[in-house]
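This report concerns only the one structure given below.
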Protein chains: 2
Amino acid sequence: MFSIDWRPNKKDRMPLHIQIMEYIKSKIYSGDWPVNTKLPPQRELAHIFHVNRSTLATALAELIADGLLKSKIGSGIWVANNTWSVLASPKQVDWNHYVDSGICLPNFPAIQEINRSEFNPANIRLGTGELSPDLIPSAELKSIISKIPDKIQSFGYEEAKGLLYLRQQISQYVRDLGINASPASILIVSGALQALQLICFGLLPKGANIFLEKPSYLSSLKLFQSMSMQFHGIPMDNEGIEPAPIRYQNKRQSTSLLYTIPCFHNPTGILMTKQRRQDVLALSQQELLPIIEDDVYRELWIDAPPPAPLKARDQDGRVIYIGSLSKSLSPGLRIGWIIGPEPVIERLADIKMQNDYGSSSLSQWAAAEWLASGLHQNQLRKVRAELRIRRDFALEALNMYFSDIATWTIPQGGFYIWLKLIHPVSMQKLFKTALDNGLLINPGNIYDALANHHLRLSYSYAALPDMKQGLSRLATIIHKLEHA
Amino acid sequence: MFSIDWRPNKKDRMPLHIQIMEYIKSKIYSGDWPVNTKLPPQRELAHIFHVNRSTLATALAELIADGLLKSKIGSGIWVANNTWSVLASPKQVDWNHYVDSGICLPNFPAIQEINRSEFNPANIRLGTGELSPDLIPSAELKSIISKIPDKIQSFGYEEAKGLLYLRQQISQYVRDLGINASPASILIVSGALQALQLICFGLLPKGANIFLEKPSYLSSLKLFQSMSMQFHGIPMDNEGIEPAPIRYQNKRQSTSLLYTIPCFHNPTGILMTKQRRQDVLALSQQELLPIIEDDVYRELWIDAPPPAPLKARDQDGRVIYIGSLSKSLSPGLRIGWIIGPEPVIERLADIKMQNDYGSSSLSQWAAAEWLASGLHQNQLRKVRAELRIRRDFALEALNMYFSDIATWTIPQGGFYIWLKLIHPVSMQKLFKTALDNGLLINPGNIYDALANHHLRLSYSYAALPDMKQGLSRLATIIHKLEHA
Ligand SMILES: Cc1ncc(COP(=O)(O)O)c(C=O)c1O
Ligand SMILES: Cc1ncc(COP(=O)(O)O)c(C=O)c1O
């Protein structure tokens, strides 16, 4: 029955055992070797194929493992199966395996859902950390954009640190905040989020210690967690983060840093006082603990300008400062900046070049022209006035609908009210029920896993009538869940 | 002499041993305890401070380690040093420590130097992988940009996958290349480099196996190396990457993928033939090996259009396709795209949201309007014609100056000529000497550590007279180094 006139080609780069496997598969597949065919003894087959016994054994072992052959002890090897599904190798890559084994953790499911649902105009967005479209000065921005063609000098790759003209504008801009920074110590980034990403990958070993407010925006990101950074959530009081527990927990030996949002903190809205800023800086000096000052909400004060940035009092280069145009002007520009000691900025610029070869020239030119135009101060005045109206409106609605189910403090600026429910509810259920009712909220537990009493409300985005209606509906939902 | 009337405050959150350290330091600093003062026995001190022996021992051990105290065996503990520099804690964070311990490797020094030196207009750029400014259609781009104000619908955050309108344009654009991709399976990225970054962090575990051409653009990046990916450089012949060695080396058990630049490969310029494309796809099917097809040079053909993309023949979703506007239009836009199976695109979009919340709206609108305008085909025609002139000019100059020191093949498109020097020279020395002479070159060893005979020349960037003069100077330098 066996008249095998084939042998593997030793000149082919395909390994001999794979050639043999393919041959045997083709015999089974074609029906030449039906199920229960007994193969010649291994010694004989090796001879026919002109290969040594171990090569043959490797091929047979793989086919046995695939279920195509079976070995009966003492009686040789038999064809076991000829169904196409076993014979044909699967054609599709198991992408889920690739997705699941990726280095970065996926976003929280709630955040993924928010990222999707924000683009459904039917939803009322009660948690969105973004200016309402009518607070974005579209007409002025458009007139700035229409000037880019006269200004832009190159459509090529930009310098690693970003367009010099923009860095000059930012250098001037932060001078008014009390920060002395030459363009060489400024790095342009695609929003403050990218600043955090560069810091995560550029300045820290895996497993470094991050001190941060509890709750914190940073905890809602998976970025640092993906790199196994150790988060040490530090309590806040109404003056800001408390320094003492940091001193207590900091092990000086290991690489650590403090991440803080001193102005109109996300998600609590707390403004760090001047005294607390001094305490935090003193701590930083005593502990040699570098500080990441995320100051993206600074300009959005409602009642009075906030105290000077930590960076403004940083004589010894311990503070890395992050700013952005997202919260005060337009997130779609994707323009932010990092200010720090030059070796740090050089390092982060190098990582930025490895990520995306620099930020969009168009956005950089638009941002530079915007800052140069002087329009920004008008915009800030307008936004502050509008945020005051929105905040007061939100507080009124809260008084109306939430006074028996939650407590809150009055933010002095920024976007957020950190609502504390009197009775804990399942955050997952609340999020889902709200969404089913067309309300998009930011559950507190994405900022602090244990914050199951909390919601981050934002008064910056929804139109006032929507906000009122949305809050009323939300209160009803919470009432129901409390009694479910 | 010792009248210690102080003891640590147990209510303070600062640990007791640190309070004790600070106290002793203050005593030494003030001169109360001069050098060679003998401290009371530990038992006694512990008693005075009202702490247990181990707390005291911790404090003393740290001060001994700091060099402030010394312990003489059998005779107790003495003050060893009172210089201010030891006493005062250093005020400056050791940023070098942070920079050095960061997760991502720094770029190659040569690449860092290139990134810097490109912005010195005195240098002739013989290696730059970028269109010359006169090949960028600035006037047309400016007219497109001036239309953004009428078009842009939002200055807010964009959808995770990017502006739908742009994805629709790209979907149409790639249809002409033979690729069927709905907008849902397209992700907008800030250039092809970011596509690679997202794939690195989103689809692969640390240490995954990457098959790639040897040499390869990818080897010049530190991205995958930072995540300990295993690079398997595969030889190329003049038809492209060779499939057989991949089959031979691939261990099916582990997570692997093939990264290839089939069109006008960076740095060799090789175009993968149609037959080779079929072989590579067959390999991918047999091995269930996913392919990353980096096709950023596809449109830059000079002699004849290249064969269809691998992605065009990918029935089973094994190919992830990367495109970009950088090489054919403008790198400063920072617009590229990834096309792949939807679960992959969703995953990469999620990682993108974690990196930078999406690409610049301005750039996305500009790219969309550009593609919608139909101007792109004109631009491509113009670039192809100009690249032909530039290639032929470069070849002529090479014939004139390099025929006795190097060999090369004639590229059919793209930007690059992979020069093989007849005698190896130190790449570092060549790079440096060239730069000292105002010539910026891309040494071959950044694409393949062992390529010490090679240079990547580019005929896309330098003005023709500069190119000629630069190549002549470069030949002289190589001659000299050969005989040094
Ligand atoms: C505290 C804080 N930092 C950074 C960001 C990121 O802002 P962007 O990347 O848009 O500048 C945000 C926005 O949500 C934020 O709240
Ligand atoms: C093969 C290849 N892929 C990707 C890139 C990155 O291009 P960009 O990020 O500008 O689209 C380059 C440019 O150097 C390249 O040569």
- Task: Provide the FRET efficiency to the nearest 0.05 for the residue A:484-residue B:254 pair, computing r from the beta carbons and using R0 = 45 Å.
- Result: 0.40
- Query: Protein chains only, probe 1.4 Å: how do B:365, A:408 rank by accessible area, largest first?
  - Reply: A:408, B:365
- Nearest 10, in degrees from 0 to 90: the angle of helix B:427-436 to the longest Cα principal axis of chain B is 80
- Taking a quarter of the surface of the convex hull around the Cα atoms of the protein assembly as shown, what do you get in nm²? 51.0
- Query: So what does residue B:29 come to for accessible area, using a 1.4 Å probe and Å² rounded to 10?
  - Reply: 130
- Task: Can you figure out the FRET efficiency of residue A:469 with residue B:377, using R₀ = 51 Å and their beta-carbon distance, to the nearest 0.05?
- Result: 0.50
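Please report the equivalent ellipsoid semi-axes of the stretch A:355-484, computed as sqrt(5 x eigenvalue) of the Cα gyration tensor, largest first, in whole Å.
So the equivalent ellipsoid measures 34, 19, 13 Å along its semi-axes.
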- Item | Degrees, to the nearest 10: A:192-202 long Cα axis against longest axis of chain A | 50
- For the pairs B:214/B:429; B:147/B:352; A:432/A:480; A:142/B:142; A:429/A:480; A:151/B:147, note any where the Cα-Cα span goes beyond 20 Å. B:214/B:429; B:147/B:352
- Taking the Cα centre of the protein assembly as shown as origin, work out the dipole magnitude from +1 charges on Lys and Arg Cβ and -1 charges on Asp and Glu Cβ, in debye rounded to 20. 1260
- Note on the structure: Given unit charges at Cβ for Lys, Arg (+) and Asp, Glu (-), the dipole magnitude of the stretch B:16-101 about its Cα centre in debye, nearest 20, is 360
- Positive-pole candidate from A:312, A:417, A:477, dipole of chain A, charges at beta carbon: A:477
- When the Cα centres of the stretch A:14-47 and the stretch B:442-478 are compared, how far apart do they sit, in Å? 53
- Note on the structure: Any aspartates and glutamates whose Cα falls less than 15 Å from that of residue A:327, other than same-chain ones fewer than 8 residues away, would be A:130, A:134, A:294, A:295, A:299, A:386, B:158, B:356
- Summed side-chain charge close to residue B:125 - residues other than residue B:125 whose Cβ falls under 9 Å, Lys, Arg +1, Asp, Glu -1: -3
- Taking only Cα atoms, what is the 0 to 90° angle, nearest 10, from helix B:16-30's long axis to the longest principal axis of chain B? 70
- Considering the options B:244, B:291, B:108, tell which one lies farthest towards the positive end of the dipole of chain B, charges being +1 on Lys and Arg and -1 on Asp and Glu at the Cβ, about the Cα centre. B:108
- Note on the structure: At the level of C-alpha centres, the distance separating the stretch A:214-239 and the stretch B:270-332, in angstrom, is 42
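Between beta-carbons, use under 15 Å as the cut-off and find the net charge around residue A:60, counting Lys and Arg +1, Asp and Glu -1.
Every neighbour counted, the sum reads +3.
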- Equivalent-ellipsoid semi-axes (√(5λ), Cα gyration tensor) for the stretch A:16-101, whole Å, largest first? 26, 15, 12
- Message: Ignoring solvent entirely, what values of log10 I(q)/I(0) come out of the Debye formula for the stretch A:389-453 at 0.14, 0.15, 0.23 Å⁻¹ when each Cα is a single scatterer?
- Response: -0.45, -0.51, -1.17
- Query: Top to bottom by accessible area (1.4 Å), largest first, where do B:254, B:226 land?
  - Reply: B:254, B:226
- Query: To the nearest 10 square angstrom, what accessible area does residue B:236 show with a 1.4 Å probe?
  - Reply: 40
- Item | Highest-first arrangement of A:313-319, A:265-271, where packing means the average Cβ count within 10 Å | A:265-271, A:313-319
- With a bin width of 20 angstrom, please list the P(r) values of chain A as percents of all Cα-Cα pairs, from the 0 bin to the one holding the largest distance. 20, 41, 17, 18, 3
- Query: Can you pull the accessible area of residue A:429 for me, 1.4 Å probe, Å² to the nearest 10?
  - Reply: 120
- Message: Run the label-point distances for residue B:274 please: 7 Å along Cα to Cβ, every other copy, nanometres, shortest first.
- Response: 7.8
- Message: Straight-line reach only, C-alpha to C-alpha below 23 angstrom: list the lysines that residue A:70 could link to, leaving out same-chain residues fewer than 8 apart.
- Response: A:25, A:27, A:38
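Summing -39500 (n - 2.57) over the DSSP H runs of n ≥ 4 in chain B and dividing by its residue number, what mean residue ellipticity at 222 nm do you reach, to the nearest 500 deg cm²/dmol? Before the final figure, lay out each step's value.
Details: 18 runs with 200 residues, N = 484.
Computed mean residue ellipticity for chain B: -12500 deg cm²/dmol.
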- Note on the structure: Dipole check, the protein assembly as shown, charges on Cβ (K,R +1; D,E -1), about Cα centroid: among A:234, B:344, A:42 the Cα furthest to the positive pole belongs to A:42
- Pull out a ≥ b ≥ c, the square roots of the eigenvalues of the alpha-carbon gyration tensor of the stretch B:179-322, then state rounded if a/c is under 1.5, prolate if not and a/b is larger than b/c, and oblate in the remaining case. rounded
- Task: Give, as a single signed number, the net charge of other residues whose beta carbon lies under 14 Å from the beta carbon of residue A:483, with Lys and Arg counted +1 and Asp and Glu -1.
- Result: 0
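Give the ranking of A:163, B:16 by solvent-accessible surface, highest area first, calculated with a 1.4 Å probe.
On the way: A:163 15, B:16 50 Å².
Descending accessible area places them as B:16, A:163.
The values are calculated or read from the model by the stated rules, or taken from the named source; none is laboratory data. Treat the numbers as computed from the prediction; the structure is a model and nothing was measured. Neighbour counts run over all protein chains shown; Cβ positions are idealised from the backbone, glycine included. Please note that ligands, DNA and RNA were not included when accessible areas were found on the heavy atoms of the full protein model with its side chains. Shrake-Rupley method; radii C 1.70, N 1.55, O 1.52, S 1.80 Å.
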